[in-house]
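One structure below.
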Amino acid sequence: DGGITQSPKYLFRKEGQNVTLSCEQNLNHDAMYWYRQDPGQGLRLIYYSQIVNDFQKGDIAEGYSVSREKKESFPLTVTSAQKNPTAFYLCASSGTGVNEQFFGPGTRLTVL
Amino acid sequence: SQKIEQNSEALNIQEGKTATLTCNYTNYSPAYLQWYRQDPGRGPVFLLLIRENEKEKRKERLKVTFDTTLKQSLFHITASQPADSATYLCALDEKYSSASKIIFGSGTRLSIRP
């Protein structure tokens, strides 16, 4: 089955700890994205990558970091510098010349 | 900067009626506009894309219109069913961005009552 996987589905961390969210796709897509969604709000772009070994900041990149060492993988690290990390995190990908984005199931992060 | 407004947070209609959701943008006309469906606790799923030179697009019970004069897109679900209950997100491209970035609206939560 082709698609995007995110793990884990639920994640709990103590305040002050860094945490890494996984995102893997086997759709052979070049572009990958990380979004954050808060209750009753739309998706806000954190980081995106159009090609391996390259990524760009989105609208709310502060307190987050990413890497893109492989085409299939785009992990997101939520650092202790992120002031309000509790949220629903969504990873997406899109192919070259294709505008629609394919989303993973999301990871709900709760910082205690 | 571009802003997207979706007409209401929630819409509640009777089964069998047509649901109409509105998406307005404030600045430049996008090259294309997309609609996604999102169920609670899940990622959005792409439904339809309409380009700036298209007036209307259909897919089964779904219809999207795009009016660049009004800076508005309408999303219709005909013969609505309880299974259509979900949040619907409007998204449009960042026209002057070199990346394939899109901006999402905050969504309209649609409830279809039997």
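Observations
- Lysine pairs within chain B, Cα separation less than 25 Å, 8 or more sequence positions apart or different chains: 24
- Under the Debye formula (equal points on every Cα, no solvent term), log10 I(q)/I(0) of chain B at q = 0.11, 0.14, 0.15, 0.24 Å⁻¹: -0.33, -0.53, -0.61, -1.44
- A convex hull fitted to the Cα coordinates of the protein assembly as shown yields 128 cubic angstrom per residue.
- Computed from backbone phi, the HN-Hα couplings of the range B:7-16 come to 3, 8, 5, 9, 9, 10, 9, 7, 3, x Hz, rounded to whole numbers (Karplus: 6.51 cos²θ - 1.76 cosθ + 1.60, θ = phi - 60°; Gly and Pro given as x).
- Average beta-carbon neighbours from other chains, 10 Å sphere, peptide B:103-112: 3
- Of the trypsin sites (Lys or Arg not before Pro) in the range A:1-83, those whose Cβ has at most 14 other Cβ within 10 Å and which sit in DSSP loop: A:Lys9, A:Lys14, A:Lys83
- The alpha carbon radius of gyration of chain A, expressed as a multiple of 2.2 N^0.38 Å, is 1.00.
- From the alpha carbon centroid of the range B:48-78 to that of the range A:1-46 is 29 Å.
- Among A:Gly95, A:Gly63, A:Gly40, residue whose mean-square fluctuation peaks in a GNM of chain A (springs only between Cα atoms under 10 Å): A:Gly40
- Our summary gives chain A a relative contact order of 35 percent, counting only alpha carbon pairs under 8 angstrom and 6 or more residues apart.
No lab work stands behind these numbers, since they all come straight from the coordinates. Just so we're clear, the structure is a prediction, and the values are computed from it rather than from any experiment. Note: ideal-geometry Cβ built from the backbone for every residue, glycine included; neighbour counts use all protein chains shown.
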